[in-house]
Amino acid sequence: MKKILVVDDSPPVRSFIGYHLKQYGFEIIYAEDGLEVLTLLKKEKPDLIFLDINLPKMNGYVLCRKIKTEERTKNIPVILVSQRNTDWDKTWGEKAGANGYITKPFNHTQILEIIKKYFPSEGENINT
């Protein structure tokens with residue numbers, strides 16, 4: 001079973017993403033701030049991370065850079081999640097090493113498109 005880490009300081013956003021991913025058989029791990037993620041990644045290795053940019057204790061850009069520079073986690077796809085929708089924000093995400101970027105509000109179809117991209121075999125059975 002693929003494991004996905006959902007990082008957002010908003011419980012409704014975490015729940016929304018997690019709910020849709022659970023419907024398709026993914027194991028979900030949740031975190032609400034950057035320091036919690038760093039601690040969690042010492043014992044868990046998710047297959048994908050949805051990462052909010054505006055987090056307490058460490059912003060998503062800095063956290064993404066840390067994830068991408070650690071040998072153990074550098075190959076985990078990171079999808080940044082934000083209300084910000086400017087080219088500047090997306091460029092900073094790319095510079096931090098993010099693999100993708102989705103803008104809030106988003107819908108379940110956008111989440112499933114990401115799943116199909118990173119997990120093609122699981123995505124074959126998902127109808128949007």
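The values are calculated or read from the model by the stated rules, or taken from the named source; none is laboratory data. A quick note: this is a predicted structure, and the numbers were derived from the prediction, not measured. Quick reminder, even Gly has a Cβ in these numbers, built from the backbone with ideal geometry, and neighbours come from all protein chains shown.
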Contact list, first residue from the range 86-100 and touching a residue at least 24 places away in the same chain (Cβ under 8 Å), second anywhere and outside any helix (DSSP H, G or I), beta-carbon distance below 6 Å, six or more apart or interchain, is Gly93/Leu80; Gly93/Tyr101; Ala98/Val78; Ala98/Leu80
Reported set for the range 105-122 where residues are assigned to a helix (DSSP H, G or I), within 18 Å of Asn85 (Cβ to Cβ) and among the polar types (S, T, N, Q) is Thr109, Gln110
Within the range 1-38, restricting to residues that are within 18 Å of Lys116 (Cα to Cα) and of a type in the set (Gly, Ala, Ser), the one that is surrounded by the most Cβ atoms within 10 Å (Cβ to Cβ) is Gly18
Those residues of the range 83-103 which are modelled with pLDDT of 90 or more and not in a helix (DSSP H, G or I) amount to Gly97, Ala98, Asn99, Gly100, Tyr101, Ile102, Thr103
Among residues of the range 39-49 being free of Cβ contacts under 8 Å to residues at least 60 places away in the same chain and buried (at least 17 other Cβ atoms within 10 Å of the Cβ), the residue farthest from the chain's Cα centre (by Cα) is Leu41
Checked Lys45, Lys57, Lys74 against criteria (within 13 Å of Ala96 (Cβ to Cβ) and not in a strand (DSSP E or B)); the one match is Lys74
Has the range 21-30 got any residue that is touching a His at 6+ places or on another chain (Cβ under 8 Å), touching a residue at least 40 places away in the same chain (Cβ under 8 Å) and not in a loop (DSSP other than H, G, I, E, B)?
no
When Asn99 is run through (1) touching a Leu at 6+ places or on another chain (Cβ under 8 Å); (2) buried (at least 18 other Cβ atoms within 10 Å of the Cβ), the failure sits at (1)
Note on the range 1-15: residues in contact (Cβ under 8 Å) with a residue 24 or more places away in the chain and over 20 Å from Thr73 (Cβ atoms) are Asp9, Ser10, Val13
- Item | Meets criteria (under 25 Å from Leu35 (Cβ atoms), touching a Lys or Arg at 6+ places or on another chain (Cβ under 6 Å) and of a type in the set (D, E, K, R)) for Asp89 | no
